[in-house]
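Working notes for the structure below.
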Amino acid sequence: MSVLVFIEQRDGQVRPVSREALGEATRIAAAIGGPVIGVCAAAKDPGLAALGEAGADRVLLATSDRFAAYDAEGTAAAVEAAVRGVQPVVVLFAASAMGKDLAPRVAAKLGIGLASDCTKIDPASGGLTATRPVYAGKALQQVRFPKTPALLSLRPKVFAQVSRAGTSASVEPLAVTLPGDGPRARVLRVSAVAGGKVDLTESEIIVSGGRGLKGPENFPLIEELAGALGATVGASRAVVDAGWRPHHDQVGQTGKTVSPKLYVAVGISGAIQHLAGMSSSRCIVAINKDPDAPIFKVADYGVVGDLFEIVPALTAEVKKLNAHG
Ligand SMILES: Cc1cc2nc3c(=O)[nH]c(=O)nc-3n(C[C@H](O)[C@H](O)[C@H](O)COP(=O)(O)OP(=O)(O)OC[C@H]3O[C@@H](n4cnc5c(N)ncnc54)[C@H](O)[C@@H]3O)c2cc1C
């Protein structure tokens, strides 16, 4: 009755989304009674024993030079080998860029279903039930699995990590027969965003700007508030399409799905496609001069007013608070 978790690594570092998946795995494992087992594909061990603290009892490691960059086919073969060896009842992935690519491949190889981008898992109601937003977040779908294992990918930043200080996981080699004469598609290069910016999907706080800012020359207002809050800057599609911000800043249906602790929407109307990417944020603050803007329907706190007055005043207050420790 084990729970298997795909451990995502990049450049020799385990991604935080995998710790979130391990956290949820420990809760499921406690309900069904069984161990939490990780599976990782890497060129060398990215410090997997330390994942004991995040909830893993064992981690299976497939090593190959092919795993130095993400190798979709090889990694899918590794996860498939782990599933066949371990026979888990649940397999968890993060619904990250890698997880979104990998989980359907594994599901297809095993010939079983997948519930992607889940925001809640209930292991206790007569078989596992997963909840996932559909129709751009307008409805919540509940999914049950008639067969095991249940394959699920978890929306980043929704599930809490656990901390089991002083616990280490046993790391065991996993034998994998890598397919063919090498991968049919190969990652040649990863272009990281300059400036060490935290990925939007991993940010605890996001300040996003929309068309209400009137032009790219006014985005420093957003950057300054984000700087004071220790936040990452996001954007609506309208401003990305206008070329004011790069595409990787876009939040929404055709951008990134984010669930930070705090999401501040500035001059964003709250179109359904934008809400699809941010409505699962823990606390939403909206600043908009139109009291009927749809963003206020999802906001926990709303400020009706001119952003050009409110944002500088807010930034000044946050800076004052920061100065007082
Ligand atoms: C298939 C499809 C996919 C899409 N995907 C996405 C997506 O991923 N992400 C996304 O964001 N959109 C997406 N869109 C576009 C979406 O429908 C909206 O057009 C877009 O989100 C609007 O961006 P906005 O809120 O910045 O602009 P607007 O809708 O123009 O809103 C600007 C807001 O600023 C307010 N404002 C103006 N001046 C001020 C001021 N001085 N002070 C305070 N407030 C002010 C206005 O009241 C208004 O509410 C998609 C659309 C389609 C059809």
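Brief remarks on what is shown
- Over the chain, accessible surface divided per residue gives 47 Å², non-protein components excluded, 1.4 Å probe.
- Size descriptor for the stretch 3-173, Kirkwood hydrodynamic radius: 15.7 Å (Cα pairs only, one decimal).
- Accessible-area composition of the stretch 243-287, carbon plus sulfur, in percent [1.4 Å probe]: 56 percent
- Surface share of carbon and sulfur [accessible, 1.4 angstrom probe, percent] for the stretch 1-148: 50 percent
- The chain: C-alpha gyration tensor shape, a/c 1.5 cut-off, then a/b vs b/c: prolate
- GNM result for the chain, Cα springs below 10 Å: residue of Arg184, Arg19, Arg211 fluctuating most strongly: Arg184
- Length-normalised contact order of the chain in % [C-alpha pairs under 8 Å, at least 6 apart]: 15 percent
- Percent RCO, i.e. relative contact order, over the stretch 1-94, from Cα pairs under 8 Å lying at least 6 residues apart: 39 percent
- Normalised alpha carbon radius of gyration of the stretch 276-325 [divisor 2.2 N^0.38 Å]: 1.32
- Over the stretch 3-173, Cα pairs under 8 Å with separation of 6+ residues give a relative contact order of 30 percent.
- Of the whole protein surface, Glu8 contributes about 10 Å² of accessible area at a 1.4 Å probe radius.
The values are calculated or read from the model by the stated rules, or taken from the named source; none is laboratory data. Just so it is clear, the model here is predicted, and its values are computed rather than measured. Note: areas computed on protein heavy atoms with side chains; ligands, DNA, RNA excluded. Shrake-Rupley method; radii C 1.70, N 1.55, O 1.52, S 1.80 Å.
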